[in-house]
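Heads up: the structure comes next, in structure tokens.
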Amino acid sequence: MPYSAAAAQGGQCHRRHGSGTPWDYPIGLDDLVEVSRDERLWRIGTASDVAWIANPPIMGRTINTAIPAVFEAYATVYEPEAPDISTALHEQVLLRDLTDHTPDQPWWLGFLDTGAHDIVFDNVPKVSLYWDWPYVLVEAGPEQALTWRTGHMRSENGVLPDLFFPADRSWLVSALWDDTWTCVGGSAALIETLRRDPLVRGRPVRLDEDATPPGHDHD
């Protein structure tokens, strides 16, 4: 919704400041919030956009703790321990594989507010997921997933959101707080692509098995 449309609906333009950058967002009658970055507006998500994920989390070490049991297949991915595979390369290839299996559409990007990592947009409404963890959720796309921040829980050189999925919900990527790996749910074809990609090395897992990758601790 452009600013003029927000004003027509009785909205107000609020100016927020974060990391030295002003964020302007209008709030309309439908509580739509948009933020300004890169010379355009981006929609901030609400609880309804993640309601399909937001069931009470399942305690344990299965993939279902992070990913709801609605997909055909599941995997964990993590940065390969190889000197010739950087974090940047690993994440770029992961995004390429996801994009290859996704028709052109918006993606929802979720940034977990740990208090220690960049969440891109400060002072905007957040959604609660898992154990009432606060996420900034923004409707954007794969380009923004790779360029909007540097440093996350898995790596100080990583850039990817902590949770993201396309508008059609055909897959979900989620890394839980303090985990050093990422969980993925999607089609069998997607999971097979991740498994076969030597720069991603996806590890397929079943819903009923321990999803912790070998050599990784589960906090």
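When Gln144 is evaluated against the numbered criteria (1) among the polar types (S, T, N, Q); (2) under 14 Å from the mean Cα position of the chain (by Cα); (3) within 27 Å of Asp210 (Cα to Cα), which criterion, by number, is the only one it fails?
Of the numbered conditions (1) among the polar types (S, T, N, Q); (2) under 14 Å from the mean Cα position of the chain (by Cα); (3) within 27 Å of Asp210 (Cα to Cα), the odd one out for Gln144 is (3).
Filter the strands (runs of 3 or more DSSP E) completely within segment 1-112 down to those with at least 1 residues that are in contact with a Cys (Cβ under 9 Å, 6 or more places away or on another chain), surrounded by fewer than 16 Cβ atoms within 10 Å (Cβ to Cβ) and at pLDDT below 75.
Fully inside segment 1-112 and qualifying: 21-27.
So which of Ser174, Ser187, Ser128 ends up being of a type outside the set (A, V, I, L, M) and touching a Leu at 6+ places or on another chain (Cβ under 6 Å)?
So the residue among Ser174, Ser187, Ser128 that is of a type outside the set (A, V, I, L, M) and touching a Leu at 6+ places or on another chain (Cβ under 6 Å) is Ser174.
Hey, could you check segment 142-162 for residues that are at pLDDT 90 or above and among the aliphatic types (A, V, I, L, M) and say which is surrounded by the most Cβ atoms within 10 Å (Cβ to Cβ)?
Looking at residues that are at pLDDT 90 or above and among the aliphatic types (A, V, I, L, M), I get Leu160.
If we scan segment 174-182, do we find a residue that is within 23 Å of Pro204 (Cβ to Cβ), touching a residue at least 24 places away in the same chain (Cβ under 8 Å) and not in a loop (DSSP other than H, G, I, E, B)?
Yes, because at least one residue in segment 174-182 is within 23 Å of Pro204 (Cβ to Cβ), touching a residue at least 24 places away in the same chain (Cβ under 8 Å) and not in a loop (DSSP other than H, G, I, E, B).
Could you grab me the full set of residues in segment 121-138 that are in a loop (DSSP other than H, G, I, E, B) and touching a residue at least 40 places away in the same chain (Cβ under 8 Å)?
Phe121, Asp122, Asn123, Val124, Pro125, Tyr130, Trp131
Can you tell me which of Phe165, Phe121 is buried (at least 19 other Cβ atoms within 10 Å of the Cβ), closer than 23 Å to Thr46 by Cα and out of contact with any Lys or Arg (no Cβ under 9 Å at 6 or more places or on another chain)? It would help to see each step written out before you state the result.
Working: Phe121 fails: out of contact with any Lys or Arg (no Cβ under 9 Å at 6 or more places or on another chain).
From the options Phe165, Phe121, the qualifying one is Phe165.
The values are calculated or read from the model by the stated rules, or taken from the named source; none is laboratory data. For clarity, every value in this text was computed on a predicted model and none was experimentally measured. Cβ sites come from the backbone with ideal geometry, for glycine too, and all protein chains shown count toward neighbours.
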